[in-house]
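Just so you know, all these numbers are worked out from the coordinates, no wet-lab data involved. Quick caveat: nothing in here was measured; it's all calculated off a predicted structure. Heads up, the Cβs are rebuilt from the backbone with ideal geometry, glycines too, and the neighbour counts pull from every protein chain shown.
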Amino acid sequence: MKYIPAILILSVLLASCSSPETDKKHNADEIGVATAETDHIAEVTVMDLQSTVFNHEIVSNGRISAREKVDVNFRSPGLIASIYVRNGQRVTKGQRIATLDTYKLDNQLEKEQSAVASATLEMQDVLIGQGYDPDRLEKVPDDVMRLARLRSGLQQAELNLAATRKDLEDATLHAPVSGVIANLTATPHNMSSSTEPLCRIINDSGMEAEFSVLESELPMVRPGDKIAVTPFSTTDSRTGHVTEINPMVDDNGMVKVWASVDGGGGLIDGMNVRISVKRAVDKALVIPKSAVVLRSGRQVVFTLDGNKAMWNYITTGLENLSEYTVTDGLTPGMKVITSGNVNLAHESPVRIIEK
């Protein structure tokens with residue numbers, strides 16, 4: 001028992017030698033903040049936190065389609081004589097696409113022209129028989145002229161001739177719009193179809209994107225909002241704007257949206273794309289996603305205090321591909337560490353470097 005006083009005295013001395021830094025570390029541990037235990041100085045970049053306009057972004061998958069697509073075919077079936085285009089070829093409005101063999105139509109035209117000439121002579125005989133001069137038709141009353149044309153068969157002959165000329169005109173297929181040839185499967189010296197199109201012309205100068213957004217995201221999408229369109233096959237993106245929103249929610253809780261795409265060149269009808277809808281919202285505290293790290297499942301941002309990194313729990317709001325808005329935990333004017341923060345702890349010594 002004589003050693004007990006000595007042990008008590010040693011305990012008191014050790015307690016009195018406890019440093020303020022040790023007490024601070026114990027307090028930090030109590031609230032779950034990891035403090036620095038090394039003299040290593042981390043290199044970091046920082047930004048001044050200020051309220052700014054945040055570009056909210058919704059990302060969705062969609063499909064490209066042309067606003068103008070025309071299936072072209074011959075009005076009447078016939079033997080295809082020539083095809084002047086190929087798939088993928090660009091054509092202009094009025095350009096010749098294909099022609100049918102016109103041998104029978106040419107013969108028919110000659111017959112119809114002869115029939116008109118014969119009927120004209122017959123009409124003149126009818127007029128002479130009624131006492132009128134066939135060389136002065138303007139003197140013939142309308143009702144007499146109409147009757148003479150019917151009796152001579154001239155009216156029917158002229159109708160037949162007009163129909164044959166129209167068939168000859170339709171035997172050459174022209175592009176009704178400018179665009180790109182697609183779905184061309186016909187070949188020369190084969191019969192055309194009056195029901196199946198010879199090809200399709202896609203006007204790729206006016207493309208639109210169709211995509212869906214969640215019902216919960218619908219308040220963030222409005223006609224006129226800017227979009228970015230990126231095909232899965234390339235990294236080139238194009239701009240556009242929202243044109244239509246379907247006022248219905250489908251069974252999966254999705255709403256269809258259409259957008260016009262600027263500069264459709266290079267886009268293909270039916271192409272799968274990634275759509276990014278961007279819309280500026282009110283000013284907010286905006287930080288890059290690189291500034292946020294996870295500690296014990298919570299979001300943490302380090303700020304600069306002198307030459308030390310300070311630990312801050314935060315709550316984020318909206319986000320886009322590269323940024324968050326901060327709703328709690330930070331205040332304007334703070335210097336936020338944006339890189340070099342992965343291995344930081346509370347009060348870690350840091351050195352600022354240029355970006």
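Summary of values
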{"read-out": "Rule-of-thumb Rg ratio for the range 69-200 [Cα; 2.2 N^0.38 Å; N residues]", "value": "1.51"}
{"read-out": "CYS199 long-range amide H proximity, modeled H, under 5 Å", "value": "VAL72"}
{"read-out": "Estimated FRET transfer efficiency when R0 is 30 angstrom, pair THR52-GLU217 (beta carbons, to 0.05)", "value": "0.85"}
{"read-out": "Likely footprinting exposure, TYR132, TYR84, TYR103, TYR324, fewest C-beta neighbours within 10 Å first", "value": "TYR103, TYR84, TYR132, TYR324"}
{"read-out": "Among the listed pairs LYS69/LYS166; LYS69/LYS104; LYS226/LYS289; LYS283/LYS355, those beyond 31 Å (Cα-Cα)", "value": "LYS69/LYS104"}
{"read-out": "Most fluctuating residue given options ALA42, ALA115, ALA284, as computed from a GNM of the chain linking Cα atoms under 10 Å", "value": "ALA115"}
{"read-out": "All-pairs alpha carbon distance profile, the chain, 20 Å steps from 0, percent", "value": "19, 26, 22, 16, 9, 6, 2, 1, 0"}
{"read-out": "Tail beyond 22 Å, pair distance distribution of the range 68-139 (Cα, percent)", "value": "55"}
{"read-out": "Spacing of the two label points (7 Å from each Cα toward its C-beta) at GLU196 and GLU319, in nm", "value": "5.2"}
{"read-out": "Cβ-based charge dipole, the chain, positive-most Cα from LEU168, GLY129, GLN155", "value": "LEU168"}
